[in-house]
Amino acid sequence: MRTAHRLGRRRLLKRALAAAASPYVIASGALAGPGRRGANDRINIASIGIRNMGGGHLRALLRNGDVRVVAVCDVDSKIRQGGLDRAKAAYGDANVTEGYNDFRHVLARDDVDAVVIAVPDHWHAPISVAACQAGKDVYCEKPMTLTVREGRAMVDAVRRHGRVFQTGMQRRSDSNWRFACELVRNKRIGDLVKVETSISTRPQQVMAWQAEPVPPELDYEMWLGPAPWQP
């Protein structure tokens, strides 16, 4: 597994000079062509949290020729390695994806344009604000925030740093839902007199809970982050 690192300006310059003295070998995937964007046209994406929803987002990003996933971040080393394996399978010899345990190492990279955040809910606001401060655009899974105060801090960070932010309410923009709203608002179905809705519920029977040992692959302290400590 690749280790997290941050290149200093001096080290970066040294690498750039070494590269300039070497013959260029450019992979065909980096060249623009009909129906294919060149490397400089792609958006460099980092996926922070790649289990469940984050894993689905990662798979979609790896199929999208307009972006390049340059980093995956997860506090579970097995999940993180799985993301790296998927990236390697998608990019082959042109694979440039690196793995990180700590999202701060991702945000320190100058080549990351935007981040996809799909971590536990209590981490949404802190990582989103930090990403904006680092000059990254953000797609954050729902719920966007746990409190009004956190939401205010996120909005302020987006505006102060001039970033693009979207939260994971995709259906608000889905064409089917938009069409349905237009039908109702333009009274194409007549006067709307009643709306019925429902909310899915958890099982009525409460499951027994007991503390479990932390799996060796999980950085549990980092998983908890700003949340109160608990086993």
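Readers should treat all values here as calculations from the given coordinates under stated rules, not as data from a laboratory. These numbers come from a predicted model, not from an experiment. Neighbour counts run over all protein chains shown; Cβ positions are idealised from the backbone, glycine included.
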Would you mind computing, in nm to one decimal, how far apart the modelled labels at residue 122 and residue 177 are, each placed 7 Å from Cα along Cα→Cβ?
2.8 nm
Amide H of residue 115: which non-local residues (sequence gap of 5 or more, or other chain) have their own amide H closer than 5 Å, using H built in the peptide plane?
46, 137, 138, 139
Can you tally the net charge around residue 133? Count Lys and Arg as +1, Asp and Glu as -1, for every other residue whose Cβ sits under 10 Å from the Cβ of residue 133.
+3
Taking the Cα centre of region 45-125 as the origin, how large is its charge dipole in debye, to the nearest 20, when only Lys and Arg (+1) and Asp and Glu (-1) carry charge on their Cβ atoms?
260 debye
Please report, in whole Å, how far the alpha carbons of region 44-193 spread along each principal axis, starting with the longest.
58, 35, 25
Residue 43 long-range amide H proximity, modeled H, under 5 Å
67, 68
I'd like the Karplus ³J(HN,Hα) series for region 179-193: coefficients 6.51, -1.76, 1.60, θ = phi - 60°, whole numbers in Hz, and an x wherever there's a Gly or Pro.
5, 4, 4, 5, 4, 5, 5, 9, 6, 6, 10, x, 6, 7, 10
Would you grab the residues whose amide H sits under 5 Å from the one on residue 109? Only those 5+ places off in sequence or on another chain, please, with H modelled 1.01 Å from N.
none
Explain nothing, just compute: Karplus ³J(HN,Hα) = 6.51 cos²θ - 1.76 cosθ + 1.60, θ = phi - 60°, for every residue of region 96-101 in order, whole Hz, x for Gly and Pro.
10, 7, 10, x, 9, 8
